[in-house]
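To start, the structure under review is shown below, and the notes come after it.
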Amino acid sequence: MPIFIEQFSPLYEAVQSGEIFPDSKFFPDCTPKSTPEDILAAYESAHMQDGFDLKDFVAAHFEFPKDPETGYESANRPLREHLDQLWTVLQRGPDDVQESTLIPLPGRYIVPGGRFREVYYWDSYFTMLGLKASGRVDLIEDMVDNFAWLIDELGFIPNGNRTYYLGRSQPPFFALMVQVLASVKGEEVLLRYRPQLEKEYAFWMEGENHLDASNTTHRRVVRMPDGTVLNRYWDDRDTPRPEAYAEDVHVAQQSGRDASTMYRHIRAAAESGWDFSSRWFADGRTMETIQTTDLIPVDLNCLLHFLEKTLLQIHRLLPDRTATDIFKEKARVRKHAIQTYCWDETEGFYKDYNHVTNSKSASLTLAAVFPLFFQIAPNEQAAKVAEQLEEKFLHHGGLATTLVRSGQQWDAPNGWAPLQWMAYQGLRNYNHSTQAEVIRWNWQDINEKIYTETGKMMEKYNVMDAGLKAGGGEYPNQDGFGWTNGVYLAMENAGK
C-alpha cells in the first residue's frame, strides 16, 4: 500500500533539511525496508549515539530508487527509430503493490525519464500525441484508463502517482487525452469516460455555488467582480513540498512572509506545471514574491472551457439532452470572461488576471497561445498574438517561454515542447501557417542538433542559444524525455 513520507517524521525532516542527497526528491522516492514504526524506533535509539551517520542509516533502512535508465542514448540510431524504441524504455506498470510513496496504477504508462520515475498528468497528453504517431494506441488507452482509475479512486488526477502529490492536480488535459483516443476509436469513447470527465469538472469547480460578494474564493474557484466564476491553481496543503523540502523552507525564510502562505503559493505553481516562472512573481523577478493563488491563469481557464465543451459534446450524444443547455451556457460564459479579464488590448496579448488587485499581470508568457489553440480568440486578437510571438518570443530554437531571464526554468532562454505544440497548432487554427511552420522547423532543428551531439532528447532547450544548455530551477536538465519525444513525432507527422 502507498505510504506518506511524512509518516517518517522526525527522520523525514532530518534527512531533507540535512540535504544529504543532491536531489530533494530522492528520499521521498525511497522504499522503506520495514514499517515506519520500526524504522522510527531504530532512529530514536541510534541518532543520539556517537558516530551516527544519517546517510548510512537511510541506506540501511531504505531501498534507494534505481538510477535513471542508460537506454535513453541513441546508440547511433536514426532519431525516428530511437524515439519509437524509447517508448519501451520509458514504459512502466502495471505496478506491484508496495509500501512506498508510489500510488500503484493498474495499467501501463510512460514516465518522462530521469528523476521523474512516475507518471505525470499534463506531460502525458503530449506523450500520447507521439504514441499516436508511433501507432501505440494500446498504450494511449492504458494511460487514459489509468487516469480514469485515479479519478474514480481519488476524485481527481494528482500531479503524479505519488502520495506527496495528493494535495494538487496539474493542468486539466484529461478531456484532450480522451479526444485523442476518440480520434482513433470513435466518438463512443467520449461516452465511456463521461463519469470521470464529470468528476474532474466537479473537482475543479468545487465550492462555486457557495461563493458570493463577501466570500469570493474557495480552493480553485474565484468569483470575479461581475459575478462570473473562473479558476486558479491551488494546493490543499500549506507545508513544504516533500520532493523540494529544503528549497521551499529556504525560499520561505528568505521571503520574510508567512511560511504557510508561501508554501501554498509554491505548491499552486507546481499544480500549474510551470514550476517555476516569473509569471507567478509579484515583482516579475524573484521567487520570494510568489503570488500564484492571486492569479487567474489564462491557460487553465481555456482548458476548463474545453472540458465544458467536451461535456456539452457528450450530452448531445445522450438520449436525455437536458444538460446540453447547461454546459453550452457554462462554455459561453467562460469564453466571454476569458476575453473580459485576460485580453490586454494595449499589449495585444492574453495575460493572467490578478483577482486581488483587480488588474492584469504585467508578464507576457506563452500561456497566451492557449486561446488560439482552443479557438477562443477572435481573428483580430489571434493576429495580434501572432505578431507578438514573432517579434518577441521567436528564436532560432523555437519560442522562449517568457521574456524574462529570472534563473527559473519556465523563463527565458528556455523553450518547452508542450508550449511549442500549443503555439504551432494555435497559429494553424487561424491560418498563420507560415509562422507556425517556422516554429516547427526551429524547434525540430534544435531537437535534432542536440540529439546529434548527445544522442539524447532533453526535457527543455535553450532556444536563444543552441550552444548553451537549458538550465535554471531546482534540478539539472533531464533527458529521456516523454513529452519532447511526443511533440517531435507529432510535429513530424503534421509536417508531412
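Every read-out reported here was derived from the displayed coordinates using simple, explicitly stated rules and does not represent laboratory data. As the structure is a computational prediction, the values presented were derived from the model and not from experiment. Ideal geometry is used to build each Cβ from the backbone, glycine not excepted, and the neighbour counts take in all protein chains shown.
Tell me whether the stretch 79-371 comes out rounded, prolate or oblate; compute the Cα gyration tensor, take square roots of the eigenvalues as a ≥ b ≥ c, and use a/c under 1.5 as the rounded threshold. Oblate shape, in that a/c is at least 1.5 and b/c is the bigger or equal ratio.
By Kyte-Doolittle mean hydropathy of at least -0.5 and Cα axial length of at least 24 Å, which whole DSSP H helices of the chain are selected? Qualifying helices: 137-154, 298-316. Computing Cα extents along the principal axes in Å for the structure here picks out one of (1) 180, 62, 58; (2) 71, 67, 55; (3) 72, 62, 49, namely (3). Helix-only arithmetic for the chain: the sum of -39500 (n - 2.57) across DSSP H runs with n ≥ 4, divided by the residue total, places the mean residue ellipticity at 222 nm at -14000 deg cm²/dmol. Remark: ASP145, ASP235, ASP138, ASP50 ranked as ASP50, ASP138, ASP145, ASP235, counting other beta-carbon atoms within 10 Å and listing the fewest first. Restricting the calculation to alpha carbons of the stretch 372-496 gives Rg and Dmax of 14.1, 43 angstrom.
The residue among PRO413, PHE373, GLY480 whose Cα reaches farthest toward the positive pole of the charge dipole of the stretch 372-496, with charges on the beta-carbon of Lys, Arg, Asp and Glu, is PHE373. Considering only Cα-Cα distances, which of the following residue pairs are longer than 32 Å: LYS25/LYS199; LYS328/LYS384; LYS199/LYS469; LYS132/LYS456? From LYS25/LYS199; LYS328/LYS384; LYS199/LYS469; LYS132/LYS456, over 32 Å: LYS199/LYS469. Within straight-line reach of LYS360, meaning a Cα separation under 12 Å, sit the following aspartates and glutamates at least 8 residues removed in sequence or on another chain: ASP294, ASP344, GLU345, GLU347, ASP352. Residue exposure proxy: THR324, THR357, ordered by other Cβ atoms within 10 angstrom of their Cβ from fewest to most, comes out as THR357, THR324.
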